[in-house]
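Written below as structure tokens is the structure these notes are about.
The values are calculated or read from the model by the stated rules, or taken from the named source; none is laboratory data. This is a predicted model, so every value here is computed, not measured. So basically every Cβ, Gly included, is an ideal-geometry build from the backbone, and we count neighbours across all protein chains shown.
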Amino acid sequence: MYYHKPVMPAEVLKYLAVTADNVYIDCTTGEGGHSELILKNYKVKQLICIEQDKELLRIAEKRLKEYSNVLFINGNFNDLKNIVIDHKIRKIDGLLFDLGLSMFHYKGSSKGFSFEQDVKLDMRLNPSIKVSAYDIINLYSDQELRKTIWAYGEERWTNLIVKQIVKKRARAHIRTTGELRNLIEETVPRKFWKKGLHPATRTFQALRIAVNQELFNLEEVLKDSIKVLSKNGRIAVISYHSLEDRIVKNFFRLYSKGYDDTGMEHQDNKGILKVLTKKPIKADAGEIRNNRSARSAKLRCAQLIKG
Ligand SMILES: C[S@@+](CC[C@H](N)C(=O)[O-])C[C@H]1O[C@@H](n2cnc3c(N)ncnc32)[C@H](O)[C@@H]1O
């Protein structure tokens with residue numbers, strides 16, 4: 001059974017300009033939703049499926065077993081350059097990044113991504129990651145904890161939440177997602193709970209981003225994308241929160257216009273990319289009705305003009 005519906009399926013095929021005989025990399029394969037879409041609709045020369053979570057990659061492998069033109073790689077996309085070299089991939093026509101987590105992580109895994117489950121605080125997408133959510137909550141100084149929750153969750157109740165975490169962990173470590181969720185529910189006054197947004201959402205988001213170094217990985221891989229992509233190849237990125245979207249938007253601007261949002265000029269970068277989505281593409285109302293994760297999705301796409 002597959003939990004995850006690929007977001008903006010038609011738009012992804014359109015903006016990636018998927019064409020038979022070309023080579024694509026799905027850098028965030030998950031359960032293989034977008035990959036299946038590509039393989040079903042086009043006889044591509046090769047599709048490389050990268051996924052950090054071994055368990056999920058296995059699901060994708062099973063799902064796509066009828067296709068012989070797929071290469072599965074269990075790894076981090078921030079290793080893209082080495083993956084391309086090691087596997088002697090000489091031509092890449094499109095890179096797809098569908099960021100964040102799969103529905104499987106929230107519903108089917110027990111790694112503690114969801115506050116709706118009561119399991120161990122972990123959140124590591126890959127067992128080689130050293131610092132877990134448990135470590136952050138229990139071992140970070142209150143200052144580091146504040147910085148993490150504020151920077152990656154933009155949580156306006158950060159100070160109060162951290163104060164309560166520090167108080168609670170002095171008595172006994174906070175071990176489960178349930179304990180953390182209850183603490184946040186007791187800390188944020190109910191009259192300030194936002195409709196449709198559980199008060200623990202932003203803290204959980206911050207922990208997940210910090211544990212898996214999501215923003216750092218994204219910044220790194222975007223730079224490498226330019227190095228590995230063939231001329232006229234495309235980068236399509238679907239992001240789910242403003243922190244990710246800002247990185248993508250700024251990166252595309254830097255490599256098309258030659259300046260970033262600090263206004264600093266980088267003439268050497270000018271004209272390397274052509275931005276194909278002036279504004280981010282969003283899912284339409286029909287898709288959002290059928291797929292809640294499409295609500296916050298934003299798709300941006302750019303084409304490599306100068307390699
Ligand atoms: C939104 S899901 C992808 C869903 C997929 N497009 C589909 O339609 O089924 C994002 C996936 O990216 C994976 N992921 C996140 N960061 C990664 C990274 N740095 N390297 C490789 N995979 C990563 C997650 O484990 C997750 O399975």
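Per-structure values
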quantity: Any hit, region 148-159, residues being of a type outside the set (A, V, I, L, M, F, W, C), touching a residue at least 60 places away in the same chain (Cβ under 8 Å), closer than 23 Å to Gly75 by Cα and within 16 Å of the ligand (Cβ to nearest atom); calculated: no
quantity: Pair list, Cβ < 7 Å and 6+ apart or interchain, from region 183-208 residues that are on the phi > 0 side of the Ramachandran plot and not assigned by TED's automatic domain parsing to the domain that holds Gly153 to residues that are surrounded by 12 or more Cβ atoms within 10 Å (Cβ to Cβ) and part of a helix (DSSP H, G or I); calculated: none
quantity: Test: residue in region 233-252 that is over 21 Å from the mean Cα position of the chain (by Cα), of a type in the set (A, V, I, L, M, F, W, C) and closer than 26 Å to Tyr140 by Cβ; calculated: no
quantity: Output for region 170-186, where each listed residue is crowded, with 19+ Cβ neighbours inside 10 Å and farther than 25 Å from Phe216 by Cα; calculated: Ile174, Leu180, Arg181, Leu183, Ile184
quantity: Number of the exception - Asp268 against (1) within 16 Å of the ligand (Cβ to nearest atom); (2) out of contact with any Gly (no Cβ under 6 Å at 6 or more places or on another chain); calculated: (1)
quantity: Ile235 vs. criteria under 25 Å from Leu13 (Cα atoms) and touching a strand residue (DSSP E or B) at 6+ places or on another chain (Cβ under 7 Å); calculated: yes
quantity: Enumeration of residues in region 52-71 that are surrounded by fewer than 18 Cβ atoms within 10 Å (Cβ to Cβ) and under 19 Å from Phe104 (Cα atoms); calculated: Lys54, Glu55, Arg58, Glu61, Lys62, Arg63
quantity: Every residue from region 102-133 that is surrounded by 20 or more Cβ atoms within 10 Å (Cβ to Cβ), touching a strand residue (DSSP E or B) at 6+ places or on another chain (Cβ under 7 Å) and farther than 24 Å from Asn78 by Cα; calculated: Leu121
quantity: Selection from region 28-37 of residues that are within 7 Å of the ligand (Cβ to nearest atom) and touching a Pro at 6+ places or on another chain (Cβ under 6 Å); calculated: Gly33, His34
quantity: Filter pass, Ile25 being in the same structural domain as Val275 (by TED's automatic domain parsing) and either touching a residue at least 60 places away in the same chain (Cβ under 8 Å) or away from the ligand (no atom under 14 Å from the Cβ) (or both); calculated: yes
quantity: Members of region 129-148 found to be farther than 17 Å from Thr176 by Cβ and part of a loop (DSSP other than H, G, I, E, B), listed by number; calculated: Ile129, Lys130, Val131, Tyr140, Ser141
quantity: Residue selected from region 1-22 under the condition within 9 Å of the ligand (Cβ to nearest atom) and part of a helix (DSSP H, G or I), by the criterion farthest from Leu96 (Cα to Cα); calculated: Pro9
quantity: Residue in region 80-100 that is modelled with pLDDT of 95 or more and within 25 Å of Pro199 (Cβ to Cβ) present; calculated: yes
quantity: Region 51-105: number of residues that are within 11 Å of the ligand (Cβ to nearest atom) and either assigned to a strand (DSSP E or B) or without any contact (Cβ under 8 Å) to a residue 12 or more places away in the chain (or both); calculated: 7
quantity: Region 38-50, residues that are crowded, with 18+ Cβ neighbours inside 10 Å and within 13 Å of the ligand (Cβ to nearest atom); calculated: Ile38, Leu39, Leu47, Ile48, Cys49, Ile50
quantity: Within region 149-158, considering residues that are surrounded by fewer than 20 Cβ atoms within 10 Å (Cβ to Cβ) and part of a helix (DSSP H, G or I), the one farthest from the chain's Cα centre (by Cα); calculated: Trp150
quantity: Test: Ile136 is in contact with a Leu (Cβ under 8 Å, 6 or more places away or on another chain), away from the ligand (no atom under 15 Å from the Cβ) and under 22 Å from Glu219 (Cβ atoms); calculated: yes
